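Student: There's a structure below that I have some questions on.
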Amino acid sequence: MSKHRTFLAALALSAGLGMNAQTNELVIQTKKLGAEIQPTMYGLFFEDINYGADGGLYAELVKNRSFEFPQNLMGWKTFGHVTLKDDGPFERNPHYVRLAYPGHDHKRTGLENEGFFGIGVKAGEEYRFSVWARLPEGASSEKIRIEIVKPNTNAERHAFASEELTIDSKEWKKYQVILKPTQTEDKSTLRIFLASKGTIDLEHVSLFPVDTWKGHENGLRKDLAQALYDIKPGVFRFPGGCIVEGTDLNTRYDWKKTVGPVENRPLNENRWHYTFQHRFFPDYYQSYGMGFYEFFLLSEEIGSEPLPVLSCGLACQFQNSDPHAHVAVCDLDSYIQDALDLIEFANGAVTTKWGKVRADMGHPAPFNLKFIGIGNEQWGSEYPERLEPFMKAIRKAHPEIKIIGSSGPDSEGKQFEYLWPEMKRLKADLVDEHFYRPESWFLSQGARYDNYDRKGPKVFAGEYACHGKGKKWNHFNASLLEAAFMTGLERNADIVHMATYAPLFAHVEGWQWRPDMIWFDNLKSVRSVSYYVQQLYAHNKGTNVVPLTMNNKPVTGAEGQKGLFASAVWDKDSQSYIVKVVNTSDEAQPLSLTFAGVKKKEVLSKGVCIKLQSTDPDKDNTLDNPQAIVPVQTEVSAMGNAFDTQIEPKTFAIYKFVKTTK
Ligand code: AHR
């Protein structure tokens with residue numbers, strides 16, 4: 001204990017404040033500025049799972065808008081005289097519907113879309129209906145009436161928004177009209193009537209809120225994108241996850257199909273439609289309406305480094321034991337070219353082929369891509385032998401791009417032990433580790449990275465979450481253990497350069513996997529406690545690690561450390577020390593923080609303490625009670641170089657002190 005602190009401790013004791021024998025003294029060595037914390041340290045992992053994209057972040061409200069689901073009218077009800085045609089204007093989405101006179105003035109022709117678990121609309125907001133249409137019989141004009149309706153109602157009228165559109169060309173043309181619902185409904189439907197006596201063809205039937213994130217027409221749901229922005233994420237990984245790989249190669253995520261005019265992006269299967277039979281969703285497909293351009297744009301708009309992950313030519317290995325299911329190493333050329341072309345799409349001049357595609361979509365400036373992942377959860381020798389030719393080609397053409405390899409689906413064990421040395425041999429820049437593990441694992445991994453090889457690749461903790469044993473859903477204790485584990489990421493920021501919790505989104509009616517970070521229904525969303533853990537780390541990440549010890553040892557929840565985990569950083573921008581402490585135990589713990597090396601003329605002023613705690617470890621925020629467990633900030637003051645306090649049971653606390661000079 002420093003002289004400075006001894007004096008203060010004596011003072012405190014004499015004042016009866018009590019620093020008893022059990023006090024846990026955390027010493028922060030302020031003069032030993034450690035590793036720089038990477039701007040990418042805390043980020044986001046996005047995958048179209050749990051209706052995260054279509055039916056979620058992607059704000060399109062119409063399901064199967066291009067009639068390309070294998071059951072072409074899935075999501076639609078038709079009435080009267082409607083026929084499906086397949087020679088439409090968009091090569092990769094050839095189907096459309098023809099609406100014809102029903103044969104009697106008192107009969108009706110039209111169709112109705114059920115949306116994703118219904119269509120959510122808000123009273124007074126504007127919704128843009130758009131459609132590609134033509135008059136196949138050459139009439140000069142025909143009409144459709146578009147309504148937002150609530151069919152299961154006792155009210156006088158089903159419709160609470162209604163507009164007419166005149167179709168006036170025999171050539172395919174895009175039409176649009178704004179609808180303004182007079183009531184708020186989370187489960188309405190979209191009804192379209194043929195409103196004249198002729199014949200009209202309709203394709204790419206779409207309904208978006210006008211008020212999307214940043215107002216983009218092919219836009220994102222505002223509350224969900226805002227939640228991403230509010231984290232201040234350093235990196236944004238997309239598009240997954242297992243969907244990168246595909247159940248078979250045909251259904252892998254193929255980025256080239258996701259750019260260009262949205263009407264011509266082909267439909268893809270979504271593996272999460274059938275992965276779990278106990279949560280089976282036969283209407284879950286990827287429209288690719290939110291494709292790679294939209295992902296890059298979102299990364300930019302939320303201030304993150306974009307991190308695309310591409311197929312390495314291995315279809316999902318969980319689902320394919322037949323070696324022929326994968327691309328042979330000698331046939332990887334087109335896959336490797338996809339990676340090179342992606343770099344050109346993101347960074348190339350507008351005069352290049354793919355740079356021009358980006359520019360034509362509205363972003364002539366490069367997206368400044370720095371990282372690329374090759375392969376998701378791959379394993380066995382079949383992975384490194386495929387990764388190697390990708391690396392050679394990317395290194396040759398783009399030595400500036402950092403390449404991320406995989407350590408497989410497990411946090412340890414045979415595949416993990418095999419792949420890490422392979423990644424070192426290949427000189428991957430970062431290695432992606434995944435761990436969905438129970439409480440005991442998180443409690444035992446506080447020192448996971450303390451002894452990692454400092455000369456090898458850096459770590460990307462690319463997918464992780466605490467999956468409570470017998471409680472595989474969101475609850476406070478799981479999030480608390482994530483916070484505890486993250487002190488170890490922070491202490492090892494010299495080697496851990498990125499960490500992204502997963503999965504990100506889940507629709508309350510459409511999930512396949514939980515826990516998740518952000519839950520939503522058709523109108524509302526809720527940020528889980530795990531969200532707030534991520535946000536607290538990202539907002540308080542600091543610029544440099546500073547050593548923090550208790551009895552000269554890092555605080556990792558080790559035996560004798562009473563369930564405490566802790567780490568500390570210096571933030572040069574705000575000139576503050578930030579200490580994170582997690583008490584995972586059921587006991588309150590007296591704490592004293594000693595900022596060793598702070599001089600007498602220096603003052604630790606403007607102290608704040610931010611706490612995340614709950615009296616019920618099984619609880620989480622819900623759509624009905626979204627603020628049940630949120631961070632609470634109070635002011636605190638240090639005395640000299642010391643701060644004494646108590647941390648309650650099951651609590652994540654951040655103590656932040658600005659350093660000023662007297
Ligand atoms: O996050 C859900 C899934 O978990 C991801 O798709 C996959 O990479 C992992 O197995």
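The values are calculated or read from the model by the stated rules, or taken from the named source; none is laboratory data. Worth saying up front: this structure is predicted, and the values here are computed from it rather than measured. No Cβ is skipped: glycine too gets one built from the backbone with ideal geometry, and neighbour counts run over all protein chains shown. For accessibility, only protein heavy atoms count, side chains too; no ligands or nucleic acids. Shrake-Rupley method; radii C 1.70, N 1.55, O 1.52, S 1.80 Å.
Student: For q values of 0.17, 0.21 Å⁻¹, compute log₁₀ I(q)/I(0) with the Debye formula on a Cα-only model of the stretch 406-558, without solvent.
Tutor: Once normalised to I(0) and log-transformed, intensities are -1.04, -1.41.
Student: Within the set Lys257/Lys402; Lys187/Lys214; Lys222/Lys650; Lys257/Lys370; Lys472/Lys553, which residue pairs have Cα atoms separated by over 27 Å?
Tutor: Too far apart for the 27 Å limit: Lys222/Lys650; Lys472/Lys553.
Student: So what's the projected area for the chain, the Cα convex hull averaged over all directions, in nm²?
Tutor: Over all viewing directions, the chain projects a mean Cα-hull area of 32.9 nm².
Student: Output the relative contact order of the chain, whole-number percent, from Cα pairs under 8 angstrom with separation of 6+ residues.
Tutor: The value is 16 percent.
Student: Based only on the alpha carbon positions, what is the Kirkwood hydrodynamic radius of the stretch 509-624, in angstrom?
Tutor: Radius from the Kirkwood sum: 17.1 Å.
Student: Apply the a/c threshold of 1.5 to the C-alpha gyration tensor of the stretch 535-576 and tell me whether it is rounded, prolate or oblate.
Tutor: Oblate, because a/c is 1.5 or more while a/b does not exceed b/c.
Student: Using Cα positions and a limit of under 13 Å, work out the aspartates and glutamates in reach of Lys524, with same-chain residues fewer than 8 apart set aside.
Tutor: Glu185, Asp186, Asp223, Glu509, Asp624
Student: Here's another thing I want to ask about it. Apply 1/(1 + (r/R0)^6) to the Cβ-Cβ distance of Thr543 and Gln22, taking R0 = 35 Å, and write down the FRET efficiency to the nearest 0.05.
Tutor: After rounding, the FRET efficiency stands at 0.55.
Student: Let me ask something additional. Given a 1.4 Å probe, how much area per residue of the chain is accessible, in Å²?
Tutor: 39
Student: What share of the DSSP beta bridges in the chain is antiparallel, in percent to the nearest 5?
Tutor: If I count the DSSP bridges inside the chain, around 70 percent turn out antiparallel.
Student: Okay, moving on. What FRET efficiency would be calculated for the residue pair Asp450, Val210, taking the C-beta separation as r and a Förster radius of 35 Å, to the nearest 0.05?
Tutor: About 0.10, to the nearest 0.05.
Student: When only C-alpha pairs under 8 Å and at least 6 residues apart count, what is the relative contact order of the stretch 572-662, in percent?
Tutor: Relative contact order for the stretch 572-662 comes out at 53 percent.
Student: Given +1 on the Cβ of Lys and Arg, -1 on the Cβ of Asp and Glu, and no further charges, what dipole in debye does the chain carry about its Cα centre, rounded to the nearest 20?
Tutor: Dipole size: approximately 2000 debye.
Student: Excluding same-chain residues fewer than 8 positions from Lys232, which aspartates and glutamates have a Cα within less than 13 Å of its Cα?
Tutor: Partners within reach: Glu300, Glu301, Glu305.
Student: Okay, moving on. Just in the stretch 570-662: which GluC sites (Glu not before Pro) are loop by DSSP and have at most 16 other Cβ atoms within 10 Å?
Tutor: Loop-located and lightly packed - Glu587.
Student: Classify the stretch 132-264 as rounded, prolate or oblate from the Cα gyration tensor: take a ≥ b ≥ c as the square roots of its eigenvalues, call it rounded if a/c is under 1.5, otherwise prolate when a/b beats b/c and oblate if not.
Tutor: Cα axes put the stretch 132-264 in the oblate bin.
Student: Write down, largest first, the equivalent ellipsoid semi-axes of the stretch 193-257 in whole Å, where each equals the square root of 5 times an eigenvalue of the alpha-carbon gyration tensor.
Tutor: The equivalent ellipsoid of the stretch 193-257 has semi-axes of 33, 24, 8 Å.
Student: Among the trypsin sites (Lys or Arg not before Pro) within the stretch 109-202, which fall in a DSSP loop and have no more than 11 other Cβ atoms within 10 Å of their own Cβ?
Tutor: Hits after loop and neighbour filter: Arg157.
Student: Now, a different point. Can you tell which of Thr661, Pro617, Val582 lies farthest toward the positive end of the dipole of the stretch 581-662, using +1 and -1 charges on the Cβ of basic and acidic side chains (Lys, Arg; Asp, Glu)?
Tutor: Farthest along the dipole direction, towards plus: Thr661.
Student: Right, something else. P(r) of the stretch 379-424 in 10 Å steps, Cα pairs, percent per bin?
Tutor: Reading upward from the zero bin: 28, 47, 23, 2.
Student: So what J values fall out for the stretch 70-80 if you push phi through Karplus, 6.51 cos²θ - 1.76 cosθ + 1.60 with θ = phi - 60°, rounded to Hz, Gly and Pro as x?
Tutor: So the J values, rounded to whole Hz, are x, 8, 4, 9, 4, x, 10, 10, 10, 9, x.
Student: Quote the Stokes-Einstein diffusion coefficient, in whole µm² s⁻¹, for the stretch 327-479, based on the Kirkwood radius over alpha carbon pairs, a temperature of 4 °C and a viscosity of 1.567 mPa s.
Tutor: 74
Student: Still on this structure: For the stretch 475-525, what size does the Cα cloud have along each of its three principal axes, sorted from largest down, in whole Å?
Tutor: Ordered largest first, the stretch 475-525 gives principal extents of 41, 22, 19 Å.
Student: Extending each Cα 7 Å along its Cβ direction at Thr615 and Lys472, get the distance between those two points in nm, one decimal.
Tutor: Once both label points are built, they end up 3.2 nm from each other.
Student: Next question. Please work out how much accessible surface Met361 shows to a 1.4 Å probe, ignoring ligands, DNA and RNA, in Å² rounded to 10.
Tutor: Met361 has an accessible surface of roughly 50 Å² with all protein chains in place.
Student: May I pose another question? Counting only C-alpha contacts under 8 Å and six or more residues apart, can you give the relative contact order of the stretch 13-118 as a whole percent?
Tutor: 22
Student: Please give the length that would be gained between Lys396 and Gln226 if that part of the chain were fully extended, namely 0.36 nm times their separation in residues minus their C-alpha to C-alpha distance (nm, one decimal).
Tutor: Using 0.36 nm per residue and subtracting the Cα-Cα distance, I get 57.4 nm.
Student: OK, next. Would you compute, from DSSP H runs of 4+ residues alone, the mean residue ellipticity of the chain at 222 nm, taking -39500 (n - 2.57) per run and dividing by the full residue count, rounded to the nearest 500?
Tutor: Calculated mean residue ellipticity at 222 nm is -5500 deg cm²/dmol.
Student: Do any of Lys599/Lys619; Lys580/Lys601; Lys455/Lys600; Lys580/Lys600 go past 32 Å between their Cα atoms, and which?
Tutor: Beyond 32 Å: Lys599/Lys619; Lys455/Lys600.
Student: To continue, here is another question. Return the distance in nm (one decimal) between the two label points of a simple spin-label model at Lys173 and Ala155, each offset 7 Å from Cα along Cα→Cβ.
Tutor: Label at Lys173, label at Ala155, 3.3 nm between them.
Student: Let me ask you something else. Need one word for the stretch 564-641: rounded, prolate or oblate. Basis is the Cα gyration tensor (sqrt eigenvalues a ≥ b ≥ c); a/c below 1.5 gives rounded, then a/b vs b/c decides.
Tutor: Here the stretch 564-641 falls in the prolate category.
Student: Out of Asn218, Phe160, Phe208, whose Cα points farthest toward the positive end of the dipole of the stretch 143-286 (charges: +1 Lys, Arg; -1 Asp, Glu; placed on Cβ)?
Tutor: Asn218
Student: Okay, moving on. Show the residues, 5+ positions off or on another chain, whose built amide H is closer than 5 Å to the amide H of Ala638.
Tutor: Residues meeting the amide H criterion: Gly607.
Student: Once the Cβ-Cβ distance between Val350 and Asn552 is put in as r, and R0 is 51 Å, what FRET efficiency do you end up with, to the nearest 0.05?
Tutor: 0.30
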